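First up is the structure itself, then whatever we jot down about it.
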Amino acid sequence: MIHVRINGKLLEAKKGETVLQLAQRNGYHIPNLCYHPSLKADGACRMCLVEVKGANAKPNSLTTACTLTVKEGMEVLLDTPEVSKHRNTILEMLMALVPDSPVLTKMAEEYGLKEIRLAQGDEVCIKCGLCVRICDEVVGAKALAMEGRGTETTFNPPFNEPPERCVACTSCAFICPVQCIPVKKTNDSITIWGREFDRLKCTRCGRALDLTEEHMALMMTRSSHLKPEDLNVCDVCSRKEVLGTMKSLVDGQITLERVGK
Amino acid sequence: MDLAKVDQIVEKYGFDKNAVLAILQDIQVAYNYLPREAINKVSELLSLPLGQISSQATFFSSFSLTPRGEHIVTVCMGTACHVRGAPRVLSELERELKIDDGETTADGKFTIETVNCVGACALGPLVMVNGNYHGNIDTAEVSTLLSAYR
């Protein structure tokens, strides 16, 4: 066990854990925009700044909690005036870039940021990169790209054209902290990144599924044990089937060996 | 578009997925810019997602995704050149060629580009044409310099 102090309180940390994970596990709140537990930490948004002392840290060093691995004897302070000052500057810059985001406005209220002194931009994206990362790391479609650099960086399908590799899983739109990726769903189609996909229908009841042919094909290449019939049945129908099997079991119509087959 | 050269270049690097940058540089030498078809072809030949190529091709300002002129006029805007009048040289070039920085003349002869330093600070202000250095350049000398390539 590694011993780390957060705001003076001694906590036991697991080896390899980050300060953000430790803090969240112990009920401390560290604001963040670009962290998600299922993805590698990136330290892109800089909102999770904390002050570090001890364990060879430089005096008054500020760093991102999401990328900071715990060390024996580390002391972390979450809400010092120094942290607050720098975090508000970062938030101010983000709000200047993306002026109309309810998420950022709420954060500004929470942390007492009153004035935006910088020229206002007209972007909707805070450039955290979560969309590209989830598409690469979790979905595996690798349909999106980070293009350009600096303030001109964009997170789009390559060359901002309808993406060939996209499967319309809509994970990017789901994970976006400022909800800036539009998805249009009708009973028959899903439109995302300027490309329209046909929605598959439940093979039993015909209800529209949140699934496309492309998404199903990708899932099956990524896990070989999956079969189409595992995916193209709606929740209600699959629940009915499970319940039906359980009922037959209880009634003694079938035995456990039969279920396996 | 003839993409035979792309095949040759990718083959030269042994279809190595780590050689994307070197491949793109060679393509830019061969075609004078990075054609979209060539980028698609690289993605296909290396079995890499298009995004992995496009992020590299758009990151570096030395890559151009639009066709460039026969002669590339590069103006150094580094600190040393800047204080010695590089902005004046640039605007003279823009006036002379009737295009802005980053653009290509209608006849496809010249493209103006700016870079942040070419490492020849003692020669500033400095203009490079097709990789040849022209140091200590004065605004009055711009048209003479260009006429050599016209």
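The values are calculated or read from the model by the stated rules, or taken from the named source; none is laboratory data. These numbers were taken from a predicted model, which means no experiment stands behind them. Virtual Cβ from ideal backbone geometry, glycine too; neighbours counted across all protein chains shown. The accessibility values were calculated without ligands, DNA or RNA, using every heavy atom of the protein model including side chains. Shrake-Rupley method; radii C 1.70, N 1.55, O 1.52, S 1.80 Å.
Kindly evaluate residue A:226 against the criterion of being aliphatic (A, V, I, L, M), touching a helix residue (DSSP H, G or I) at 6+ places or on another chain (Cβ under 9 Å), without any contact (Cβ under 8 Å) to a residue 40 or more places away in the chain and open to solvent by 70 Å² or more (accessible area, probe 1.4 Å). Considered against the rule, which asks whether it is aliphatic (A, V, I, L, M), touching a helix residue (DSSP H, G or I) at 6+ places or on another chain (Cβ under 9 Å), without any contact (Cβ under 8 Å) to a residue 40 or more places away in the chain and open to solvent by 70 Å² or more (accessible area, probe 1.4 Å), residue A:226 comes out as no.
If we scan the range B:130-139, do we find a residue that is part of a helix (DSSP H, G or I) and over 28 Å from residue B:7 (Cα atoms)?
Just the residues of the range B:130-139 that are part of a helix (DSSP H, G or I), to begin with: B:139.
The next check asks that each one be over 28 Å from residue B:7 (Cα atoms); those that pass are B:139.
So far as the range B:130-139 goes, yes, one or more of its residues are part of a helix (DSSP H, G or I) and over 28 Å from residue B:7 (Cα atoms).
Taking the condition more than 25 Å from residue A:166 (Cβ to Cβ) and not in a helix (DSSP H, G or I), does residue B:113 pass? Answer is yes for this residue.
For the range B:64-86, the set of residues classified as open to solvent by 10 Å² or more (accessible area, probe 1.4 Å), part of a loop (DSSP other than H, G, I, E, B) and either away from chain A (no Cβ under 11 Å) or at pLDDT 95 or above (or both) consists of B:64, B:66, B:67, B:68, B:70, B:77, B:84, listed by residue number. The residue list B:39, B:53 contains one member that is in contact with a Ser or Thr (Cβ under 6 Å, 6 or more places away or on another chain), at pLDDT 95 or above and assigned to a helix (DSSP H, G or I), which is B:53. Apart from one condition, residue A:139 fits all of (1) out of contact with any Ser or Thr (no Cβ under 6 Å at 6 or more places or on another chain); (2) of a type outside the set (Asp, Glu); (3) open to solvent by less than 30 Å² (accessible area, probe 1.4 Å); the exception is (1). Note on the range B:34-54: residues that are over 22 Å from the mean Cα position of the chain (by Cα) and either surrounded by fewer than 19 Cβ atoms within 10 Å (Cβ to Cβ) or more than 11 Å from every other protein chain (Cβ to nearest Cβ) (or both) total 5.
All conditions in (1) crowded, with 18+ Cβ neighbours inside 10 Å; (2) in contact with a Cys (Cβ under 7 Å, 6 or more places away or on another chain) hold for residue A:31, with the sole exception of (1).
Scanning for something closer than 19 Å to residue B:58 by Cα and in contact with a Cys (Cβ under 6 Å, 6 or more places away or on another chain), does the range A:145-166 turn up at least one residue? Yes.
Across the range A:132-156, which residue is farthest from the other protein chains (Cβ to nearest Cβ) among those that are on the phi > 0 side of the Ramachandran plot and free of Cβ contacts under 8 Å to residues at least 24 places away in the same chain? So that I can check it myself, show each step before the final result.
Filtering the range A:132-156 down to residues on the phi > 0 side of the Ramachandran plot leaves A:140, A:142, A:148, A:150.
Keeping just the survivors that are free of Cβ contacts under 8 Å to residues at least 24 places away in the same chain gives A:142, A:148, A:150.
Details: A:142: 4, A:148: 5, A:150: 10 Å.
Out of the qualifying residues, it is A:150.
Of all the numbered requirements in (1) open to solvent by less than 30 Å² (accessible area, probe 1.4 Å); (2) closer than 20 Å to residue A:46 by Cβ; (3) of a type outside the set (Ser, Thr, Tyr); (4) modelled with pLDDT of 95 or more, residue A:146 misses one, and that requirement is (1).
Quick check: anything in the range A:66-82 open to solvent by less than 70 Å² (accessible area, probe 1.4 Å), part of a helix (DSSP H, G or I) and either away from chain B (no Cβ under 14 Å) or of a type in the set (Val, Ile, Thr) (or both)? Within the range A:66-82, one or more residues are open to solvent by less than 70 Å² (accessible area, probe 1.4 Å), part of a helix (DSSP H, G or I) and either away from chain B (no Cβ under 14 Å) or of a type in the set (Val, Ile, Thr) (or both). Scanning the range A:16-44 for residues that are β-branched (Val, Ile, Thr) and touching an Asp or Glu at 6+ places or on another chain (Cβ under 9 Å) yields no hits at all. The residues of the range A:181-197 that are part of a loop (DSSP other than H, G, I, E, B) and either modelled with pLDDT under 95 or over 14 Å from the mean Cα position of the chain (by Cα) (or both), listed by number, are A:182, A:186, A:187, A:188, A:193, A:194.
Can we say residue A:127 is of a type in the set (Lys, Arg) and free of Cβ contacts under 8 Å to residues at least 24 places away in the same chain?
Working: of a type in the set (Lys, Arg): yes; free of Cβ contacts under 8 Å to residues at least 24 places away in the same chain: no.
So residue A:127 does not fit the description; no.
Taking the criterion of being among the small types (Gly, Ala, Ser) and open to solvent by 50 Å² or more (accessible area, probe 1.4 Å), the only residue of the range A:111-127 that qualifies is A:119.
Any residue in the range B:26-45 that is in contact (Cβ under 8 Å) with a residue 24 or more places away in the chain sitting within a Cβ distance under 7 Å of a residue that is of a type in the set (Lys, Arg) and outside any loop (DSSP other than H, G, I, E, B)? List the pairs, counting only those 6 or more apart or interchain. Listed pairs, sorted by first residue: B:30/B:5.
Take the conditions open to solvent by 60 Å² or more (accessible area, probe 1.4 Å), in a strand (DSSP E or B) and of a type in the set (Lys, Arg) and apply them to residue A:247. Does it pass? For residue A:247, the condition - open to solvent by 60 Å² or more (accessible area, probe 1.4 Å), in a strand (DSSP E or B) and of a type in the set (Lys, Arg) - is not met.
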